[in-house]
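Nothing in this text is a laboratory measurement; each read-out follows from the coordinates by a stated rule. Predicted, not measured: the structure shown is a model, and the values here were computed from it. Note that each Cβ is placed from the backbone with ideal geometry, even for glycine, and that neighbours are counted across all protein chains shown.
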Amino acid sequence: MKTDVGQPGLVIPDNDSERVRFEGLTDEDLAQCVHCGLCLNACPTYRETGLEMESPRGRIYLVKAAKEERIPINETFLKHIFLCLDCRACETACPSGVQYGKIIEAARGEATLVKPGGTIPRSLRWLVFKQLFPYPRRLNVLANLLRFYQFFGVQSLVRRSGILRLFGKLLEEAETLLPKLSDEFYAPPKVEIVPARGETKHRVGFVTGCIMPYFFGETNRATVNVLTRNGCEVVIPKSQRCCGALSTHAGARETSKDLARQNIDAFEPYDLDVIISNAAGCGTALKEYDVLLESDPNYAARAHAFSEKVQDISEFLAEIEVDTSFGTVAKRVTYQDACHLAHGQRVRAQPRALLQAIPGLEFVEMKNSDHCCGSAGVYNIVQADMAQRVVAPKVKNIENTSADLVVVGNPGCMLQMDNALAAGGVSTRSIHTMELLEEAYQAAEMNGNGADGKE
Amino acid sequence: METRELVGRLQAVVGAEHVVYLPEDLIVFERDASIDAQLPAAVVFPRTTAEVSEILAVAGELKVPVVPKGAGTGLSGGAVPEENGILLSVSRMRDILEIDEENRTALVEPGVVNLELSSEVKHLGLYYAPDPSSQYACTLGGNVAENSGGAHCLRYGCTINHVLGLEVVFPGGEVAWIGGKAPDAPGYDLMSAIIGSEGTMGVVTKILVKLLPIPEAVETYLAIFESVPDACEAVSSIIGNGIIPAALEIMDQVVTRAIEEAHHVGYPYDAGGVLIIEIDGMQEELDEQREAILSLCREARAREIRVAQTAAEREIVWKGRKGAIGALGRLAPNYYIQDCVVPRTKLPEIMRFVEDVAERHDIIIANVFHAGDGNLHPNLLFDVRDSDQVRRVITAGEEIISACIDAGGSLSGEHGIGTEKQEYMDWLYSEEDLEAMRKLKRAFDPDWLFNPTKVFPTGEGPHAAKIHIGKAPVHATAAAVWK
């Protein structure tokens, strides 16, 4: 008998006694938490609910209690574990150095993805995590089907007909959040290597992301352009796969491990200086491959070497001598700290410094810029109610800045904020840091003092 | 009394979703930031004063014990539930109701987080002064219950010096206002009885606090010494020379190393003692104090004095200091933090005694404390799974308390008595003293339902008996209640 845990597609597996509970999680990991409570108000779900079970300290205590078999691993337990956004704001707040991400992800491993049974949402989850993200060609086919769906009037027909309501609230909500496809997909170049403009100073790998080529083609193009403008030869291995962040957050650790191994195989042969990610969520996952594969004898050392090389694009640009011959961008912008950049990777100052180097750009900080927007991977789909509550103060804080653009280093946040801003009647729109940078370079080129021909 | 009946009555007041009673949920409420643990019967989350009043009426009728709770960051066990009792959490009551810029006051609900109040009024050039180290998370309701202090209380005083009025719901459900915007209400000063009463007299539902103008200038120094007693001497001589800085905080080497790992503040690894000195006020005033303070530190053998040059540098110095207790988690899974106060001039002597105790009992004691107030915080580090170590920690703790009392000091500067220090109350007070206090509590709480097993000694012996972080499965017992 399997138990439904209130999370579509997830169940608690039976034969409880034979399983190792909380794989990879030691008593020391949990003992690191001294129960001081300094994390409480950093946590978006605690701020919303005021409930200790929905706080980092509470969830750690639950895991500790479950591991000691004081409480059962049941629906109630997993409900709290899955209401966490995995935003890691608590890790920033924690003076004791608790690795909360490791704890929550191990706890999520206690639920298992099942094959389709009964409900549509359950099948959808299984389909997405097990059958779609890991396979780039399937994603490609789907993206082309989606293009048909969005560009030939089918979407508006479906939306008007309300037909999705027949399949349940979740699918309907998922459809609403479905982003518009990029006008042009980001097709990785035929050759896997894009040469630097001018002298080659760095040899970098680029992680394109699994869905970014389809929904964020512009972001990827901008990232590669910014890199080549800065003397980077960009290597984009064709055999790279989804980073595995989404499956890790969903508790499907074995899927993530397979993906991690494939990515290590894909990038390893190129002898790269760094491996660049332009999506905060992916970057954090890639930087944690060493933890994910620590018990794999064939990959542990290689995963460590791989993770060491991973950098967020803004982090990398801050370390090299970046070409700042930007043209004028006369816009008022604010910056949203993507959780997995600010908390996951401790990258805060670098993107701000890049933005402030753009002439004409008026930079204004919003209140609580490092509070989560509620996007959190697929959280805004599977936990739509809480995601709405979490994003509400964000919309208000952005509105108070009167910014034209909210700049962010993670595509998921762009979708979530754009939807919420539009719904709230706020005209600010999101943009990825690299797109704004590329815009600044292009502005310079149009004025004839281009980035290429720098004086 | 059946738990089922109690839960039903509470649900009728606040709505079903605002009562927590499932055993696997209740477990996270068994502790605050201290080391004691006890499961409640139910946790209730009221939103309004009226709901609090109704809850207390139900508790009075059913004779169920009540423990009020803020964020649960307290260090003395004040928010640890009572057996078969109600835990009343104010975490949903977190609105700032009024900011009166001209009178410089704010009216807040008890669940408002300490630091959030300051950040809400920052644009008006105002702030709320008491700053306990847990201010990122602790609530103003909890601050009132414990009369919380903080690093800057040396100059500005504790919570009691910043509260002008309170709305209190007394046991049984009666609602009353005490104090107000006009100072010095005639009659007995009930506020002094309520503030610091540790949840033994009622539930505070609204708090009227003073706001202060943000000082024109602030300067922060790190004075580095070879030893903690040297740093203590510097503190004594600064205050002895008539200078009252905003804060004087000492940390020993164990603490500075732990903080350094957590926050990379730039504390030296080899320093025996670090003294944070902060002065604030008018720029001219600071200019006068600066030289005097620096030369007094040098006289006390400071080997180096660093100046935090920017607001960002100051912030990181304080972030390190305020995260000090949590950072100790890097050294051991449990800590027992003490809170004794001694006359300032006795500090060097007491700190040498603490060092000696650590050595004799073979335990690590980390010291981080409000030196200006003579308020020590020896943190006795241990692992609760090692029972011999636990015993040594308790004995060492008792020796320190005893020495502080002998030096003319007291049990607690700001953390409260709670469960942690209750058995030592009769070391400080006579039975007559304690009986007088019990009479005061009974005047508010005749049925003795509010935090009934705390503050006063139980006669059950030393605190060691109380370190009983539960290991028994709770689902078995709870299943019996609910199936």
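Before moving on, here are some points about what is shown:
- Spacing of the two label points (7 Å from each Cα toward its C-beta) at A:Ala349 and B:Lys63, in nm: 6.4 nm
- Cα extents for the protein assembly as shown along the principal axes, largest to smallest and rounded to whole angstrom: 89, 71, 58.
- Dipole in debye (nearest 20) - chain B, about Cα centre, beta carbon charges: Lys, Arg +1; Asp, Glu -1: 820 debye
- Rounded Å value of the spacing that divides the Cα centres of segment B:395-434 and segment B:28-81: 25 Å
- The antiparallel fraction among DSSP beta bridges confined to segment B:1-158 stands at about 50%.
- Principal-axis analysis of the Cα atoms of chain B puts helix B:431-444 at an angle of about 50° to the longest axis.
- Segment A:332-446 - convex hull of alpha carbons, volume per residue in Å³: 95 Å³
- Spin-label model, B:Thr48/B:Ser402: points 7 Å from Cα along the beta carbon direction are separated by 5.5 nm.
- Over segment B:218-420: Rg over Rh, Cα atoms, Kirkwood Rh: 0.97
- Total charge dipole magnitude, the protein assembly as shown, about the Cα centre, Cβ charges on Lys, Arg, Asp, Glu only, Debye to nearest 20: 3480 debye
- The mean count of C-beta atoms from other chains within 10 Å of the C-beta of residues in B:21-34, rounded to a whole number, is 6.
- Check: segment B:265-327 dipole with +1 on Lys, Arg Cβ and -1 on Asp, Glu Cβ, in debye: 460 debye
- Free-standing Cys residues across chain B, given no other cysteine C-beta under 4.7 angstrom: B:Cys138, B:Cys153, B:Cys158, B:Cys232, B:Cys297
- Net charge over other residues, Cβ less than 13 angstrom from the Cβ of A:Phe267 (K, R count +1; D, E count -1): 0
- For segment B:318-417, the relative contact order comes to 36 percent (Cα pairs under 8 Å, sequence separation of at least 6).
- Across the options B:Ile337, B:Pro171, B:Leu87, the greatest Cα extent toward the positive end of the charge dipole of chain B (unit charges at beta carbon of Lys, Arg, Asp, Glu) belongs to B:Leu87.
- Three-way shape call for segment B:292-355 based on the alpha-carbon gyration tensor, with the a/c threshold at 1.5: oblate
- Among the listed pairs A:Lys257/B:Lys319; B:Lys322/B:Lys421; A:Lys201/B:Lys319; A:Lys367/B:Lys454, those with a Cα-Cα distance over 29 Å are A:Lys257/B:Lys319; A:Lys201/B:Lys319; A:Lys367/B:Lys454.
- Peptide A:61-69, shielding by other chains (average Cβ, 10 Å cutoff): 3
- The spacing between segment A:66-90 and segment B:90-135, judged by their C-alpha centroids, is 32 Å.
- Between segment B:300-328 and segment B:256-276, the Cα center-to-center distance that results, in Å: 8 Å
- Two-site FRET efficiency, B:Glu174 against A:Glu28, from Cβ-Cβ distance with R₀ of 60 Å, rounded to 0.05: 0.75
- Ranked by the mean number of other Cβ atoms within 10 Å per residue, highest first, peptides B:320-333, B:302-315 order as B:320-333, B:302-315.
- Estimated D of segment B:61-202 in µm² per second, where Rh is the Kirkwood radius over Cα pairs and Stokes-Einstein applies at 4 °C, 1.567 mPa s: 82 µm²/s
- Translational diffusion coefficient (Stokes-Einstein; Kirkwood radius from C-alpha pairs) of chain B at 25 °C, 0.890 mPa s, in µm²/s: 105 µm²/s
- Cα-based helix-to-principal-axis angle, B:49-62 vs chain B, degrees rounded to 10: 60 degrees
- Along its principal axes, segment B:351-432 has C-alpha extents of 38, 29, 20 angstrom, given from the largest down.
- Model label points for A:Gln388 and B:Glu5, set 7 angstrom from Cα along the Cα-to-Cβ axis, are 4.0 nm apart.
- Couplings 3J(HN,Hα) of segment A:27-41, computed from phi: 4, 5, 3, 7, 5, 4, 7, 9, 6, 6, x, 5, 7, 3, 6 Hz, in residue order, whole Hz [Karplus 6.51 cos²θ - 1.76 cosθ + 1.60, θ = phi - 60°; x for Gly and Pro].
- Radius 13 Å from Cβ of B:Gly74, net charge of other residues (Lys, Arg +1; Asp, Glu -1): -3
- Taken residue by residue and averaged, Cβ atoms of other chains lying within 10 Å of the Cβ of B:37-49 number 1.
- Relative to the dominant Cα principal axis of chain B, helix B:347-361 is inclined by about 70°.
- When the protein assembly as shown is described by a simple charge dipole with +1 on each Lys and Arg Cβ and -1 on each Asp and Glu Cβ, the residue from A:Gly412, A:Gln336, B:Gly180 located farthest towards its positive end is A:Gly412.
- Look at the alpha carbon pairs under 8 Å that are at least 6 residues apart: their mean separation over the length of chain B gives a relative contact order of 16 percent.
- Which of B:Gly240, B:Thr200, B:Ala262, positive extreme of dipole for segment B:134-267 (C-beta unit charges): B:Thr200
- Local electrostatic count at B:Thr205 - Lys and Arg +1, Asp and Glu -1, tallied over other residues with Cβ under 15 Å: -2
- Three-way shape label, segment A:193-319, alpha-carbon gyration tensor, a/c 1.5: prolate
- Reduced Cα scattering model of segment A:268-410, Debye log10 I(q)/I(0), q = 0.11, 0.13, 0.14, 0.19 Å⁻¹: -0.51, -0.69, -0.78, -1.14
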